[in-house]
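So the structure is just underneath, and the comments pick up after that.
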Amino acid sequence: MEACTITYTNWMNSKWRSEQVGAMEYYNWEMPNVLIIYNLNSSCHQGSVPVIAVNATLPEYFQAMIKFAAKYHLRLVIKITGSDILARSTAPRSFLLWLHYMENMTLISQYSSCGSANVTNVVRLGAGVQWGGTGGFLQGGSHSLLSSWKGLGVDQVLQYDVVTVDGQRKIVSQCQNSDLFYALSGGVGEASNEALYATLIRDFVRFLPKLAEGGWVRYISMGDHKISMKYIWPNGNPNVGNATFSEFQNNNTDFVFLAKTTAFIPSFYEAYKLALTPSDPTGYNMLLGS
């Protein structure tokens, strides 16, 4: 009963969920038959949570488990934090490789790649550094709030240290295993995803290119007759920013603008602390189309 109480208390805590070996950030991918948050006396069933897992904290463990899964024909899934909204890191009756604690980070002051000039201040990230930066973020395009200024995240990669499906460990860069480097940098792409449809107000769609050309980067979420937008303009002019959005608001008086806040923030770190640090609640249903 104690375990049930702990689960009940932390059900919507994203940090707690990321530290549970079989948990997903959004419970619909766990496929539970009864939600414990509604009935503490209910019986828990396995659902889509893997039946066995290995906490792979070293590359050697990862290699060994890849070979083990192949030898015994196990259904293999790989998970870092469980934040994959396409459910690729969980599956019924599967064998889970958990990389959550491969979270080493090393700052390299001088780095030479492929015989080119030294690059300063390079960061080497382990696979478990949150939130999955070495995996889905890079291979999925790696757009960020700084992309209009610094480019895509994948364009900054100098080298990968990978384990292939046959259990071999390889160093991958532009001059070593370059075909894999191309694939890991988005050349092959992730599994094909298909969004059904989305209907947006015509003027809003026409407004987007103007923002992109002006250097704005954005995250937009839609739902329940509401659009929520978070825009950042690296090295931008706050007066121009206010004028840009005022134009859109003035041209669409039929919209109900619940809140519009514009702020000048002196550094990205300050913006991070202001807008991105608080933990979002999870533990509910989520399906993402992109």
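No value in this document is a laboratory result; all are computed from the given coordinates. Computed from a predicted model, the values in this text were never measured in an experiment. Positions of Cβ are backbone-derived with ideal geometry, glycine not excepted, and every protein chain shown enters the neighbour counts.
Could you pull out which residues in the range 1-27 have an amide N less than 17 Å from a spot 7 Å beyond the Cα of L86, following the Cα-Cβ vector?
25-26
Between V51 and W149, how many nm apart are label points set 7 Å from Cα along the C-beta direction?
Distance between label points: 5.1 nm.
Would you please give the FRET efficiency between R169 and F257, computed as 1/(1 + (r/R0)^6) with r the Cβ-Cβ distance and R0 = 45 Å, to the nearest 0.05?
About 0.25, to the nearest 0.05.
Based on alpha-carbon positions alone, could you give the equivalent ellipsoid semi-axes of the range 105-187 from the gyration tensor, as √(5λ), descending, whole Å?
19, 17, 14
Is there a pair in K71/K170; K15/K170; K79/K170; K67/K150; K150/K230; K15/K273 whose C-alpha atoms are over 27 Å apart, and which pairs would that be?
K15/K170; K67/K150
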